[in-house]
Amino acid sequence: MRFDVLTLFPEIFQGYLTQSLLKLALDKGLVEIHLWNIRDWAKGKHKSVDDRPFGGGPGMVIMPEPVFDCVEAVRAKAPEPGQLVLLTPAGRRLDQDLVRELTNYRRLLLLCGRYEGFDERIRLGLKPLEVSIGDFVCNGGEVPAMVVIDTVIRLVPGVLGDETSAVEESHSEPGRLEYPQYTRPRVFRGMEVPEILLSGNHPAIARWRREQSTARSRQGARPDAEQPPTSEGESHEK
């Protein structure tokens with residue numbers, strides 16, 4: 001699977017690309033990640049990519065011309081044009097169902113912005129898939145892009161050492177949370193590992209884990225609190 005990250009700050013990704021699971025996937029050739037600086041397609045002496053918003057207001061807005069030129073040039077770098085993804089809190093909420101959908105694409109172009117966001121004509125003209133990682137505003141689209149990469153690569157065959165890891169973990173089914181996990185020591189500050197996990201009775205352990213997973217899911221160990229809507233005009237690219 002190939003990811004093309006379109007950003008004004010490609011250097012942000014340098015450390016991220018060296019982390020263990022992703023680095024192994026890159027080394028094995030299971031995943032490709034290419035970084036592109038939108039500013040390379042900017043024109044003029046100062047290579048400007050942003051300007052003041054029409055109608056007034058704070059901050060700067062990313063201009064459409066360098067983004068269109070960048071997207072069109074990067075798409076031409078490979079035979080498959082891929083799916084363009086715009087990181088924005090106005091987009092569809094990233095959940096495990098959407099992650100699975102994204103794995104159907106062999107190539108994703110992740111468009112990251114900054115400042116007060118993108119000129120609206122970028123959204124209208126390029127018609128990207130708009131994705132949100134939550135109802136909050138990041139300093140830029142780079143961290144949301146990393147979240148998309150991190151979640152999607154886990155479902156790429158061969159990336160996880162044990163393919164069942166993705167089957168049993170939280171959100172493998174809608175609303176389901178993973179059972180609690182324990183390791184050594186058997187007793188820590190008065191808290192003991194459940195006896196069933198030490199029994200060696202694997203059918204009983206599997207049954208206990210299913211029960212714990214169901215109980216956690218019903219109790220809402222990670223309840224989704226109601227959040228106020230994001231203000232119009234704000235975006236992950238801010």
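Accessible surface for Arg154 stands near 70 Å², nearest 10, in the context of the full protein assembly shown (1.4 Å probe). Computing semi-axes √(5λ) of the Cα gyration tensor in Å for the structure here picks out one of [x] 32, 24, 20; [y] 27, 22, 17; [z] 40, 21, 15, namely [z].
Note on Glu178 and Arg75: the model spin-label points, each 7 Å out from Cα along the C-beta direction, lie 3.8 nm apart. For the chain, the relative contact order works out to 24 percent when only alpha carbon pairs closer than 8 Å and six or more residues apart are counted.
Under 5 Å between amide hydrogens, built in the peptide plane, is the criterion, and for Ile33 it picks out Phe3 among residues at least 5 positions away or on other chains. Considering only Leu84, Trp208, Leu124, and ranking their Cα positions along the charge dipole of the chain that arises from unit charges at the beta-carbon of Lys, Arg, Asp and Glu, the one farthest toward the positive end is Trp208. Taking a straight Cα-Cα cut-off under 28 Å and skipping sequence neighbours fewer than 8 places away in the same chain, the lysines within cross-link reach of Lys23 are Lys77.
Within the range 1-72, report the chymotrypsin sites (Phe, Trp or Tyr not before Pro) that DSSP leaves as loop and that have at most 13 other Cβ atoms within 10 Å. Walk me through the intermediate numbers first.
Numbers: sites: Phe3, Phe13, Tyr16, Trp36, Trp41, Phe54, Phe68; in loops: Phe54.
Counting only loop positions with at most 13 other Cβ atoms within 10 Å, the chymotrypsin sites (Phe, Trp or Tyr not before Pro) in the range 1-72 are Phe54.
Shape class of the range 59-146 from the Cα gyration tensor (axes a ≥ b ≥ c, square roots of the eigenvalues): oblate, since a/c reaches 1.5 or more and a/b does not exceed b/c.
Gain in length, Phe9 to Leu24, computed as 0.36 nm per residue apart minus the alpha-carbon separation, to one decimal in nm? Walk me through the intermediate numbers first.
Values: separation 15, 0.36 × 15 = 5.40 nm, distance 2.37 nm.
Once the chain is fully extended between Phe9 and Leu24, it gains 3.0 nm.
Label separation (Val143 vs His202): 4.2 nm, computed from points 7 Å beyond Cα along the C-beta direction. Nearest 10 degrees is fine. How inclined is helix 64-75 to the longest principal axis of the chain, computing both from alpha carbons? So the inclination is approximately 60 degrees.
Can you give the FRET efficiency for Phe136 and Glu195, using 1/(1 + (r/R0)^6), R0 = 45 Å, r = Cβ-Cβ distance, to the nearest 0.05?
Working: r = 42 Å, r/R0 = 0.93.
Result of the calculation: an efficiency of 0.60.
Top mean-square fluctuation among Pro64, Pro194, Pro144, Gaussian network model of the chain, C-alpha springs under 10 Å? It is Pro194. Computed from label points 7 Å out along Cα-Cβ, the spacing between Arg121 and Phe188 is 5.7 nm.
The values are calculated or read from the model by the stated rules, or taken from the named source; none is laboratory data. These figures come from a predicted structure and were not determined experimentally. All Cβ positions, glycine included, derive from the backbone under ideal geometry; neighbour counts span all protein chains shown. These accessible areas exclude ligands, DNA and RNA; they are computed on the full protein's heavy atoms, side chains included. Shrake-Rupley method; radii C 1.70, N 1.55, O 1.52, S 1.80 Å.
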